[in-house]
Amino acid sequence: MLEIRNLHARAGETEILKGIDLTVRAGEVHAVMGPNGSGKSTLAQVLAGHPAFEVTEGSVLYDGRDLLDMDPEERAQAGLFLAFQYPVEIPGVTNAYFLRAALNEIRKARGQEEVDPIEFLELVDQKLKLVEWGPEVMSRQVNAGFSGGEKKRNEILQMAILEPRLAILDETDSGLDIDALRIVAEGVNRLRRPDNATIVVTHYQRLLNYIVPDFVHVLYDGQIVKSGGKELALELEAKGYEWLTGEAAPA
Amino acid sequence: MTASVESLVNQQYKYGFVTDIEADTIPRGLNEDVIRLISAKKGEPPFMLEWRLRAYRRWLTMEEPHHWANIQYPAIDYQDIIYYSAPKSAKPVASLEEVDPKLLQTYEKLGISLSEQKRLSGVAVDAIFDSVSVATTFKETLAKQGIVFCSFSEAVREHPDLVEKYLGSVVPYNDNFFAALNSAVFSDGSFVYVPKGVRCPMELSTYFRINTANAGQFERTLIVADEGAYVSYLEGCTAPRRDNNQLHAAVVELVAMAGAQIKYSTVQNWYAGDEEGKGGIYNFVTKRGKCAGAGAKISWTQVETGSAITWKYPSVILQGDDTVGEFYSVAVVNGRQQADTGTKMIHLGRRSRSTIVSKGISAGQGNNSYRGQVKVLPRAEGARNYTQCDSMLIGNRCGAHTFPYIDVQNSSSSVEHEASTSKIGEDQIFYCKQRGLNTENAISMIVNGFCKEVFQNLPMEFAVEAQKLLGISLEGSVG
């Protein structure tokens, strides 16, 4: 589904990704771990097409298409979803309006009929249960006035409604208390299907107790320095990152 | 900022065409003879001419308000302006069939059908072309309820007593430089009188069009809602694209007697000039309403997207007890546009209340200033004001400024002021794009969300126009 080859990217003059290779197949969950500043979030943003980063080398194939040649909205319409580390507020626009507009853009791009407001509310009704929320959240403004935890939960709600093929969760666990973490993780687990895939970007192993990955990759200084199964995450938790990086891990 | 954002906010001005029509135009320049000529052309009674001349003599002693407003423009040569221009065919007409087809076509092209059969029911229109009113629709229907809706010239001829009683009662001829100039030379405008207890059954609307080059437009609108009456009034404006600046100095006066309500909505889309700031309308307008009796209410809602320079402060004098004044505004500047706009709420009556919601959007190299005054006089016990003033910046070459003036002389009153400035960021746009929306829809959505509180106050017909103007789609009804 996703083939990243020798990916280099920079922000301004600073090279952040220095040759990433990663293959993700349908049905898999990959965890990308690493210390702060290793390039984890940059990788997530580059895959989503954030304009602040420039790809200088390498290729990314997504379902056989050249991902790097697609606009961010085309990537989204093709089923790539990024759960943001810092979800953005859009004052004055309700969650319902925002999500229906997004869903309809994605449906249009796939040649499907748009959903009307009634159908949309029926659809949302089921998805709200996944994140243990009532319908009132749909009339709140997008992320405005949400707590940090609510914003992350709102990302998962959006993911549930948009049903991506490839979901990238960027530090979705940061800022979550244990209950919110459970809700978010269960939401993600229940959205797992044989035909979709998930990349979980995280600093801590904690989230991986709930979302069990098939593969774990350690990113350091813009490169993947080690890959393994889920046990690698536990090893990292026990030893820290320094045994791989030769540096003291940040507190 | 991405190029696409810039191009979106830089959409072409669609109303820049010129109607080729023979006009009765007087020579450039201003003196007492010109004023006498205007008055004579309109067949005005003596009181009107005297009023004009008093205004003119006062104007000669006044200074253009160059120093305090946050706007910059070269000196205006008032002797280089044409003060009266009317399409030759625009004689008073008995019915729409007699209106010059070229004029009807002009309004059709602007999306304003003057044919009553084709109109959406519920809106009556007074169409003003350069200096004169060319047609007023639904007059007979309204007259059955005693409502007067006609051009100002006609009101001066047919209802001189009403005009003499109320003209200048809210904006006196010596109020300010531009109001004095308008009082001296105003050529036409709309007049509305809604009698006691009558609820006007349809929206009334004036559509202003400047056509002739170098002509100034000086119209005057006077709306009187007698006790317990209700009227909703809409104003729209466009002008051809020209290389030189044209002056629009209008005056609007509203009088709401006890228990009456006037809702006045404007969608202003005068030509704004090109990207280098060449051409465009100078929109120097005085708008003020008076809640003369107890329980009266006046609401101003404005969407200001056009004009090279906007200088206007729709205000409310809250004279009666328990009166309500509201001001909802969206002002958009782009290219080299400048706007200095806001409101004045003058609290005289006990328990008078006012609400101000101002949304300024600055893009390109535009400069947007909110200037508002809230004044609570000693008699106004228990007066309340709430002001919310938000600015949004698109790109990094534009400016947003806020100048609130608060003067409270009564300790039992409460005044609140909230202000915010935000920037449409790459991050907001990227977030929307990541959810599948293209840049255009993303900006629409963000700007629209920002303006929501104001759009909610526009009548439906105008909300649609406002949406088109900002190149944005209004939020759906879900949620």
Tell me which of B:VAL171, B:ALA75, A:PRO35 sits at the most positive position along the dipole axis of the protein assembly as shown, charges placed on C-beta atoms (Lys, Arg +1; Asp, Glu -1).
B:VAL171
Final fewest-first order of B:LYS312, B:LYS278, B:LYS297 on the 10 Å Cβ neighbour count is B:LYS278, B:LYS297, B:LYS312
Relative packing of peptides A:151-160, A:22-31 - highest average C-beta neighbours within 10 Å first
A:151-160, A:22-31
For segment B:30-58 and segment A:71-125, what is the separation of their C-alpha centers, rounded to whole Å?
62 Å
How far apart, in nm, are two points set 7 Å out from the Cα along the Cα-to-Cβ line at B:SER412 and at A:ASP69?
7.6 nm
Ascending count of other beta-carbon atoms within 10 Å, so fewest first, for A:LEU191, B:LEU254:
A:LEU191, B:LEU254
Given a cut-off of 36 Å, what percent of all Cα-Cα pairs of the protein assembly as shown lie beyond it?
50 percent
Sites B:ARG36 and B:HIS66 - FRET efficiency at Förster radius 45 Å, r taken between beta-carbons, to 0.05:
0.95
How many Cβ atoms of partner chains, on average, are near each residue of B:448-454 if near means within 10 Å of its Cβ?
4
Restricting the count to DSSP beta bridges whose residues both fall in chain A, what percent are antiparallel, rounded to a multiple of 5?
55 percent
Run through every distinct alpha carbon pair of segment B:289-447 and return the Kirkwood hydrodynamic radius in angstroms, one decimal place.
16.6 Å
Take the Cα of A:ASP195, step 7 Å along the line toward its Cβ, and report every residue of segment A:99-118 whose backbone nitrogen sits under 12 Å from that point.
none
At 1.567 mPa s and 4 °C, Stokes diffusion of segment A:128-235 via Kirkwood alpha-carbon radius, µm² per second:
87 µm²/s
Per-peptide average of other Cβ atoms within 10 Å, ordering A:104-115, B:338-349 highest first:
B:338-349, A:104-115
A:VAL225 to A:ARG25: extension gain in nm, 0.36 nm per residue of separation minus the Cα-Cα distance?
70.0 nm
5 angstrom amide H check on B:SER369, placed H, neighbours 5+ away
B:ALA339, B:ASP340, B:THR341, B:HIS401
Simple spin-label estimate for B:LYS278 and A:ALA144 in nanometres, 7 Å along Cα-Cβ:
4.0 nm
With only Lys, Arg, Asp and Glu charged, each at its Cβ (+1 for the first two, -1 for the last two), find how big the charge dipole of segment A:2-245 is about the Cα centre; round to the nearest 20 debye.
380 debye
Provide the FRET efficiency to the nearest 0.05 for the A:VAL115-A:GLU57 pair, computing r from the beta carbons and using R0 = 45 Å.
0.65
Would you tell me the mean number of C-beta atoms belonging to other protein chains that fall within 10 Å of each C-beta in A:43-54, as a whole number?
2
Helix-only estimate, please: 222 nm mean residue ellipticity of the protein assembly as shown, summing -39500 (n - 2.57) across DSSP H runs of length 4 or more and dividing by its residues, to the nearest 500.
-7500 deg cm²/dmol
The residues B:THR323, B:THR421, B:THR355, sorted from fewest to most surrounding Cβ atoms within 10 Å, come out as B:THR421, B:THR355, B:THR323
Local electrostatic count at B:ALA442 - Lys and Arg +1, Asp and Glu -1, tallied over other residues with Cβ under 12 Å:
-4
Subset of A:LYS18/A:LYS230; B:LYS278/B:LYS433; B:LYS144/B:LYS375; A:LYS108/A:LYS151 violating a 30 Å alpha-carbon distance limit
B:LYS278/B:LYS433; B:LYS144/B:LYS375
Relative contact order in percent for chain A (Cα pairs under 8 Å, 6+ apart) equals 28 percent
Principal axes first, then extents: for the Cα atoms of segment A:2-245, list largest minus smallest coordinate on each axis, whole Å, largest first.
53, 39, 34
Using a Förster distance of 45 angstrom, determine the FRET efficiency expected from the C-beta separation of A:LYS108 and B:SER420, and round it to 0.05.
0.85
Please average, across the residues of A:95-102, the number of beta carbons from any other chain that are within 10 Å of each residue's own beta carbon, and give a whole number.
6
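Read-outs throughout are calculated quantities, based only on the coordinates presented, and are distinct from any laboratory measurement. Quick caveat, the model's predicted, so the values are computed rather than measured. Neighbour counts are summed over all protein chains in view; Cβ atoms, including those assigned to glycine, are modelled from backbone coordinates with ideal geometry.
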